[in-house]
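Here's the structure we're looking at; comments come further down.
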Amino acid sequence: MILDGKKLKEKKLNILKEETSKLDKKLTLCVIQVGEDTASEIYVNQKKKMADFVGFAFKHIKLKNDVSEDYLLSIIDKENKDDKTTGIIVQMPLPSHINETKIQNAIDYHKDIDGLSDINTGRLVHNRKTLISCTPKGILELLKEYNIKIESKHVVIVGRSNLVGKPLVNLFLNENATVTICHSKTKNLKDYTITADILISAVGKKNLITKDMVKQNAVVIDVGITRENNKLYGDVDFDNVFNKASYITPVPGGVGPMTVTELGYNVLEAYQLRSDANE
Ligand code: NAP
């Protein structure tokens, strides 16, 4: 069965729109973009479309590719202090002369809607209320929508990035799953993937996960994106794995739509976290 991220996106964004319309304040999503990367343009447009639909104000700050790190930091500082700005995202990747970790940590953690700052990452590890990275959060939402049991299941994650793999480990641990994480130095990847009740691949290599690597009736979540001749491919050999998996996400239309949806929810949560005196 297909895990339909596109359908869930539509449902969840309508709910978010409704919730947002009840607030006294108009929330503002601020996107800071450096340079003219084509993929970044696409992602920023997706965020704007979501913001327009939900009813957020969209503040797009576009900076030149050769902007200094200090100038970028000063812009972030200004947005941190601006009461009208609810959530801030700096579009990655940044040019090589800018330290991405420094930039992520410069964002006030209450406004860090990407959930990538050290503070928000630490809060996730400690299972405290926090802003969580959107793709991992979207995956969990998708599983919950289809009533897929997570507790006591063996979740195998392929890929250990700060953006996807590592937050996933903690999210699933917090849901009482048993978690294994694999990466490029893992030997005999199949020995691990074949034992997964829930298998998540976040690598970016077409056909990395083949039918023989998947347990019968496993839930298969494909995060990977490879662009070839204007077509998108995931990490999973979808056509052959489809009949073996109990549930599977397509690419496109699976995890991708959930990422921008959860960004919208993080804007609302950023507002609520700031308003919550006991947080
Ligand atoms: P990343 O930072 O490049 O991380 C890739 C991970 O894959 C690394 O941990 C790497 O291991 C591991 N890896 C590489 N080759 C491997 C192999 N042969 N076997 C096992 N592991 C291997 O990428 P990312 O930011 O996490 O993104 C991963 C993929 O998901 C990309 O295709 C990206 O475009 C996609 N993505 C999609 C969404 C969405 O919304 N759909 C969101 C985010 C990312 P090492 O750590 O050892 O190098």
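The values are calculated or read from the model by the stated rules, or taken from the named source; none is laboratory data. This structure is a prediction, so every number in the text was calculated from the model and none was measured. We place every Cβ from the backbone using ideal geometry, glycine too, and count neighbours over all the protein chains shown. The area values use the complete protein model at the heavy-atom level, side chains included, leaving out ligands, DNA and RNA. Shrake-Rupley method; radii C 1.70, N 1.55, O 1.52, S 1.80 Å.
Restricting things to alpha carbons, tell me how big the chain is in terms of Rg and Dmax, in Å.
Here Rg and the maximum Cα pair distance are 18.8, 55 Å.
Pick out, in residue order, every one of the trypsin sites (Lys or Arg not before Pro) in the stretch 10-82 that is DSSP loop and has at most 15 other C-beta atoms within 10 Å; say none if there are none.
Answer in residue order: 22, 25, 26, 64.
With a/c under 1.5 counting as rounded, go ahead and sort the stretch 129-212 into rounded, prolate or oblate using the C-alpha gyration tensor (a ≥ b ≥ c being the square roots of the eigenvalues; past the cut-off, prolate if a/b is larger than b/c, else oblate).
Taking the square roots of the gyration eigenvalues as a ≥ b ≥ c, the stretch 129-212 is prolate.
Could you report the chain's accessible area per residue, 1.4 Å probe, as an integer in Å²?
Here the per-residue accessible area is 50 Å².
For the stretch 224-279, take every pair of Cα atoms, bin their distances at 10 Å starting from 0, and report each bin as a whole percent.
20, 32, 22, 16, 9, 0
Report the GluC sites (Glu not before Pro) located in the stretch 134-181 that are in a DSSP loop and have at most 14 other Cβ atoms inside 10 Å of their Cβ, or state none.
Taking the stretch 134-181 and a limit of 14 other Cβ atoms within 10 Å, the loop GluC sites (Glu not before Pro) found are 151.
Rounded to the nearest percent, how much of the accessible area of the stretch 151-279 (1.4 Å probe, protein heavy atoms only) is carbon and sulfur?
Summing carbon and sulfur atoms, their accessible area is 46 percent of the total for the stretch 151-279.
Using a 1.4 angstrom probe on heavy atoms only, work out the carbon and sulfur share of the accessible area of the stretch 62-131 in %.
Summing carbon and sulfur atoms, their accessible area is 50 percent of the total for the stretch 62-131.
Compute, for the chain, the length of the dipole vector about the Cα centre, with Cβ point charges of +1 (Lys, Arg) and -1 (Asp, Glu) only. Units Debye, rounded to 20.
About 460 debye.
Taking each pair of distinct Cα atoms in the stretch 1-82 once, what is the resulting Kirkwood hydrodynamic radius in Å?
One decimal place: 14.8 Å for the Kirkwood radius.
Mind grabbing the base-10 log of I(q)/I(0) for the stretch 1-153 at q = 0.10, 0.11, 0.19, 0.20 Å⁻¹? Debye formula, identical points on the C-alpha positions, no solvent, two decimal places.
-0.41, -0.50, -1.33, -1.41
Set the bar at 22 Å for Cα to Cα. Now go through 26/78; 153/211; 11/211; 26/47; 62/137 and name every pair that lies beyond it.
11/211; 62/137
Starting from the eigenvalues of the Cα gyration tensor, five times each then square-rooted, give me the equivalent ellipsoid semi-axes of the stretch 173-279, largest first, whole Å.
30, 19, 13
Over the alpha-carbon set of the stretch 80-227, work out the extent along each principal axis and list the three values in angstrom, largest first.
Projected onto the principal axes, the Cα atoms of the stretch 80-227 cover 52, 34, 23 Å.
So which of 9/102; 25/144; 9/205; 9/48 end up more than 21 Å apart by C-alpha?
With Cα atoms farther than 21 Å apart: 9/102; 25/144; 9/205.
Using Cα positions and a limit of under 16 Å, work out the aspartates and glutamates in reach of residue 17, with same-chain residues fewer than 8 apart set aside.
Cross-link targets: 52, 262, 269.
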